[in-house]
Amino acid sequence: MNLVYAVAATPAGELSDRIDRRWVLAAGLLILILADLVLARSHTLLMVFVGVALWGLFMGLTQGLLSALVAETAPAEARGTAFGVFNLVSGAALLGASGLAGVMWDKAGSAATFEVGGGFAALALLGLGLARPKAQLRPRRNAAESDDLMVVV
C-alpha cells in the first residue's frame, strides 16, 4: 500500500493542479470502492495484494488533495487552526470507523466489513456529486484570488 501510495502521490498532485480537484477525488473514491470489493471477495493472497495496492492508489489520489483543499480554502490567518481541526476531525472519524470495522469483522466477517466500507465510500462519492461549489476546486494563483475563492463541499 505504501509503495503504491508513494508512487501515485506526486502524479496525482500534478493532475489535481491541472483539473478540477473533484474529479481526482471522485476517481480516488471509485478506486476505494473497487479496493473494498476486491478485498471483500479475495480468496487468494494475490487478490489481497491487488486490493491493498488499490487502497494505496486511493491514498495517493486523495490524501495530498485533501490537505491542498484545506490550505486553499482556509483564510491565511486561520490556516494552522484549519489544519488542526481537519486532523482532529479526520482522526476522530478514523477512530470511529476503525471501531465500527472491528465490530463488523467480529460479528459479520471480513467480507461484510469491506462491503460496508465500500458502501460508505459510495455515499461519500454521492455526496461529492451533489455538492455545488461556487468555484472549481483549483489551486490559487495569487493572493488576491484567495480572498475571492469560496467553495462549498
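Each label point was placed 7 Å from the Cα along the Cα-to-Cβ direction; for residue 77 and residue 101 their separation is 4.0 nm. Sorting 96-107, 51-62 by their mean Cβ neighbour count within 10 Å, with the most densely packed peptide first, gives 51-62, 96-107. Straightening the chain between residue 19 and residue 45 buys 5.8 nm, computed as 0.36 nm per residue apart minus the Cα-Cα spacing.
All Cα-Cα distances of region 2-148, cut into 5 Å bins from zero to the largest, leave 2, 9, 14, 19, 21, 15, 9, 5, 3, 1, 0 percent in each bin in turn.
Annotation: extensible slack from residue 2 through residue 110 equals 36.7 nm (criterion: 0.36 nm per residue apart, minus Cα-Cα distance). Note on residue 131/residue 10: beta-carbon distance plugged into 1/(1 + (r/R0)^6) with R0 of 41 Å gives a FRET efficiency of 0.95.
Rule-based calculations on the coordinates, nothing more; no lab input. Predicted model, so just to flag it, every value in this text is computed and none were measured. Backbone-built Cβ (ideal geometry, glycine too); neighbour counts: all protein chains shown.
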